[in-house]
Every structure is written in C-alpha cells, then in structure tokens.
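The values are calculated or read from the model by the stated rules, or taken from the named source; none is laboratory data. From a predicted model like this one, the values you see are computed outputs, not experimental measurements. A quick note on method: Cβ atoms are made from the backbone with ideal geometry, for glycine too, and the neighbour counts reach across all protein chains shown. SASA here: full protein model, heavy atoms, side chains in, ligands and nucleic acids out. Shrake-Rupley method; radii C 1.70, N 1.55, O 1.52, S 1.80 Å.
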Amino acid sequence: MTQALPILSLVETRVLGVLAEKQRTVPDSYPLTLNSLVSGCNQKTSRNPVLELSEAQVQAAIDSLKGYSLVAETSGGRAFRYEHNIDRVLRIPSQSVILLTVLMLRGPQTAGELRIACDRMHNFADISSVEGFLDELAERPAGALVVKLARLPGARESRWAHLLSGVPAEEPAGTGGASADGAYASHDASHDASLGEVAALKANVARLEAELASLKALVGRVCSELGISEAG
C-alpha cells in the first residue's frame, strides 16, 4: 500500500464500503462481526449491484483487505470483529471517506445524488462542497481515487466513480449505469472478471438453481395430489 493501490474486487469494495458505512450509521455495533458484515453486504437497499455473498466469500475478502492494512481484526466478546482503516491508509479526510463509501456501495453517482446518499453519514452543506471533495480525490498527489465520467446522452450532470477497482469500463450510450455485474475494467484494460466477482456470480446462480429446484418439487407435489401429470 505504500507505493501503489491494489485493484480491489467487487466483493472487497463491498466489504470495505459496508464497514465504513456501518461505522457511522450503527456506531454501537461497530466494529462488525462476520455475521453482521455479511448481512450488510447482502442488503437489498442502498446497494448496486445487489449481491448474495456467503460467509466464506466475505471472510476471503477480509483476509485480502487485511493484507493491504485496509481492514483490521479485533477480538471482543465471543466473536472477532472487523474495522476499516481507509482514512489512515489513504490519508484522506472523513468527508472523502464517506464519498468513497457511497460510490463503493451504490456505483457511479452525480454530485447531487452523492449529497443525498451521504446524508446519514455526513451533511454536506451544498453540492459545491461535495464537488470540492471529489475534485481533491481526483487530483490526489498520491494517485486519483475517483474519476468524473463522460456525461451520458440526455443527462444533466456527469457521474463520478471510484477507482479502487481500476478505471471504469466505457459504457455504451443509454446504459445509464454500471455493467450488469457492476464490474469495472482494471488498469490494464482487461475485461476478465476478478475472482471475487466470479464468486459472487456463482453464488447468485447457485441460489437461483436452488429456488428453481424447490419450485419444481412444489409443482410435482401439487400435480401428484391433483392426479395430473406435470407435463399437462
């Protein structure tokens, strides 16, 4: 971390974002247990994309982030707890950490959207204040942490994206958001998904397959009780 930032996977940025978010929204529960962290990662609200991560996936991301000193482990009570070190490692103020947090959890946002989304963690005075911190992050001497994206056709404002997962891939006109899996292209322009993203997609596929099998079993039982064939 002293010379260059690592390229973080989607799962790693989700874990990091949740820790930073919960530090401010539920301080009494922070640092977080693994169970609480998994729940935060899999929230259906204020998340883009929505994920369904397992404890093993989240633990693997934690272990990786610990290697970069971005996450620290503490022992308290009957379970290990985890906290982030974003501000200390990246040497940025708390307002900038909050902006990065929202970008990691929700994907690209306009300055106006960021101001609203950050409200529970910090009340920015106005959009100009948000833009000031974004500009500082984009012009950071040690390396830019955010980038202003090209304005989409018909959009009134440009959106911002974080660079912790590399340079965002160019979006086709009219997509209006991140790619389907929420992935970014890495600095070397490779379009291969990271291991964390592949794991998240596999988890979602497994969940859908389990739900389909359950529905098929239910249809089979109903057909059996009614005395009809499933094909009919």
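Out of all the residues in segment 77-84, is one or more open to solvent by 10 Å² or more (accessible area, probe 1.4 Å), over 15 Å from the mean Cα position of the chain (by Cα), without any contact (Cβ under 8 Å) to a residue 12 or more places away in the chain and farther than 21 Å from residue 166 by Cβ?
Within segment 77-84 (the criterion being open to solvent by 10 Å² or more (accessible area, probe 1.4 Å), over 15 Å from the mean Cα position of the chain (by Cα), without any contact (Cβ under 8 Å) to a residue 12 or more places away in the chain and farther than 21 Å from residue 166 by Cβ), the answer is yes, since at least one residue qualifies.
Residue-wise test of (1) open to solvent by less than 10 Å² (accessible area, probe 1.4 Å); (2) of a type outside the set (S, T, N, Q).
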site: 14; (1), (2): yes, yes
site: 23; (1), (2): no, no
site: 54; (1), (2): no, no
site: 106; (1), (2): no, yes
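Name, by its number, the condition in (1) in a helix (DSSP H, G or I); (2) touching a Cys at 6+ places or on another chain (Cβ under 9 Å); (3) of a type outside the set (A, V, I, L, M) that does not hold for residue 24.
Tallying (1) in a helix (DSSP H, G or I); (2) touching a Cys at 6+ places or on another chain (Cβ under 9 Å); (3) of a type outside the set (A, V, I, L, M), residue 24 fails exactly one: (2).
Being modelled with pLDDT of 75 or more and surrounded by 13 or more Cβ atoms within 10 Å (Cβ to Cβ) narrows it down to one residue among 145, 212, 218; which is it?
145
Quick check on segment 41-50. Is at least one of its residues in contact with a Cys (Cβ under 7 Å, 6 or more places away or on another chain) and more than 16 Å from residue 117 (Cα to Cα)?
Taking segment 41-50 first, the residues in contact with a Cys (Cβ under 7 Å, 6 or more places away or on another chain) are none.
No - not one qualifying residue is present in segment 41-50.
List every residue pair whose Cβ atoms lie under 6 Å apart, where the two residues are 6 or more positions apart in sequence or sit on different chains, the first residue falls within segment 148-168 and is over 22 Å from residue 13 (Cβ atoms), and the second residue, located anywhere, is surrounded by 15 or more Cβ atoms within 10 Å (Cβ to Cβ).
Here the result reads 157/110, each pair linking segment 148-168 to a residue that is surrounded by 15 or more Cβ atoms within 10 Å (Cβ to Cβ).
Does residue 97 fit the bill of being over 18 Å from the mean Cα position of the chain (by Cα) and closer than 20 Å to residue 10 by Cβ?
no
Scan 92, 62 and give me the residue that is in a loop (DSSP other than H, G, I, E, B), free of Cβ contacts under 8 Å to residues at least 60 places away in the same chain and among the β-branched types (Val, Ile, Thr).
That would be 92, the only listed residue that is in a loop (DSSP other than H, G, I, E, B), free of Cβ contacts under 8 Å to residues at least 60 places away in the same chain and among the β-branched types (Val, Ile, Thr).
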